[in-house]
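K.L.:
Sharing a structure with you now.
The values are calculated or read from the model by the stated rules, or taken from the named source; none is laboratory data. Everything numeric here is computed off the predicted structure, so don't read it as measured data. Neighbour counts are summed over all protein chains in view; Cβ atoms, including those assigned to glycine, are modelled from backbone coordinates with ideal geometry. Side chains are part of the model used for accessible areas, which takes the heavy atoms of the whole protein and leaves out ligands, DNA and RNA. Shrake-Rupley method; radii C 1.70, N 1.55, O 1.52, S 1.80 Å.
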Amino acid sequence: MKIKNLIILVVLAIALTGLALLTSKNKDRETSVNIIGTSFLPGIDINETVRFTISSPTESATLIKCNGIWCLADNFNYPVDFERVREALLSLTKLKIGHVLKVDEKQRSALCLNTPPSPTAGTLVTLYNQQNTELASILIGRGREKTSNENQRFGDDFDGQYVARSKDSDVYLVDSAIHNFSGSARSWLNTSLISIEPDTITNLTISAPGKTDIVLAEADQGSLALKERSGNEDSNPEKIATLQASLAHLNFADVANPALTDAQLGMDKPFVFRTVTRKGEIYTVKLG
């Protein structure tokens, strides 16, 4: 082969390679433009979800639907706030793609879009249906910070979120910040037990094993005093006010193992607080 012909072939090969790369880039750019404004999770029926897991670099939680009620698998299937679960799942269906990014490993780490439990991981949310088939898996990374002018107009610090699909190498900037998914199992519990306004209590009876009942009754509106006194006994307003305040915000920190017996929990001989309100509502609290 002549040198001249060889040079021509090399030039043609370089030109064709460049054309192929340019065509590929144009197609990628065209594809990216075409999906802007579309749903981040197209074709997902969120109502099919019966279980979802949340994993962060340090925590994890599993929520599961038991007999139609959302429960926390990590805490003996204790019921969680249905409205919170509903809002969290619906928020995923409302996400719209605002930008598509091609990133390298260093950039991916900076956006906190590695898979847990890596220190540079995001929060991985995976949805499953009744057949235990994965419906979607979303990696939630850093939020997109607003400019200083935007921060003055809006209260939130973020107006978007960097996310990725588990089976997709691309990174997406979606149009809304995602705040609803916490890897802390306890954060999904509604820890409020009772909330009784102090000035609505008309009667409070305290029973203890082997002790005479203590009965507090409404003296003046909103204040309680000992119903029966012996000798020079008198009510202690500060103690009564503290007790009323505790019933106004009685919360729990965790759920006990159902396998524990009443004797192990102290519930075989509990202290019992029985409260009656002005509306005739009766609340009974047992302390083990």
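K.L.:
How much accessible surface area, in Å² rounded to 10, belongs to the heavy atoms of THR284 with a 1.4 Å probe?
P.N.:
90 Å²
K.L.:
As a test of reading the structure, rank THR200, THR261 by solvent-accessible area (1.4 Å probe, protein chains only), most first. Intermediate results must be reported in sequence, preceding the final value.
P.N.:
Working: THR200 45, THR261 70 Å².
Final ranking, largest accessible area leading: THR261, THR200.
K.L.:
Another question, then. Let's test the formula: R0 of 51 Å, r as the Cβ-Cβ distance of ASP175 and THR277. What FRET efficiency results, to the nearest 0.05?
P.N.:
Values: r = 47 Å, r/R0 = 0.92.
That gives a FRET efficiency of 0.65.
K.L.:
Highest mean first, what order results for 120-127, 191-198 on Cβ atoms within 10 Å? Working shown, then result.
P.N.:
Details: 120-127: 20.8, 191-198: 13.6.
Peptide ranking by packing, descending: 120-127, 191-198.
K.L.:
I would also like to ask the following. If you stretched the chain out fully between SER246 and ILE206, how much longer would it get, using 0.36 nm times the residue separation minus the C-alpha to C-alpha distance? List each step's numbers first, then the result.
P.N.:
Working: separation 40, 0.36 × 40 = 14.40 nm, distance 1.39 nm.
So the chain would gain 13.0 nm between SER246 and ILE206.
K.L.:
How much of the calculated P(r) for region 172-253 lies past 14 Å, in percent of all Cα pairs? Before the final figure, lay out the partial values.
P.N.:
On the way: 2428 of 3321 pairs.
I get 73 percent for the Cα pairs in region 172-253 exceeding 14 Å.
K.L.:
Something else now. Using label points projected 7 Å from each Cα along Cα→Cβ, tell me how many nm separate SER192 and ALA217, to one decimal.
P.N.:
In this crude spin-label approximation the distance works out to 3.2 nm.
K.L.:
Under a point spin-label approximation (7 Å from Cα along Cα-to-Cβ), what is the GLU145-ILE36 distance to one decimal in nm?
P.N.:
Taking the two extended label points, one gets 2.4 nm.
K.L.:
Which entries of LYS227/LYS269; LYS96/LYS167; LYS146/LYS167 show an alpha-carbon separation above 22 angstrom in the structure shown?
P.N.:
LYS227/LYS269; LYS146/LYS167
K.L.:
Another question, then. In nm, to one decimal, how far is the ASP104 label point from the GLU87 one, both placed 7 Å along Cα→Cβ?
P.N.:
Roughly 4.2 nm, to one decimal.
K.L.:
Within the set of other residues whose C-beta is less than 13 Å from the C-beta of THR200, count the net charge using Lys and Arg as +1 and Asp and Glu as -1. Let's see the in-between values first.
P.N.:
Details: positive: ARG278, LYS279; negative: GLU197, ASP199, GLU218, GLU281.
Net of charged neighbours comes to -2.
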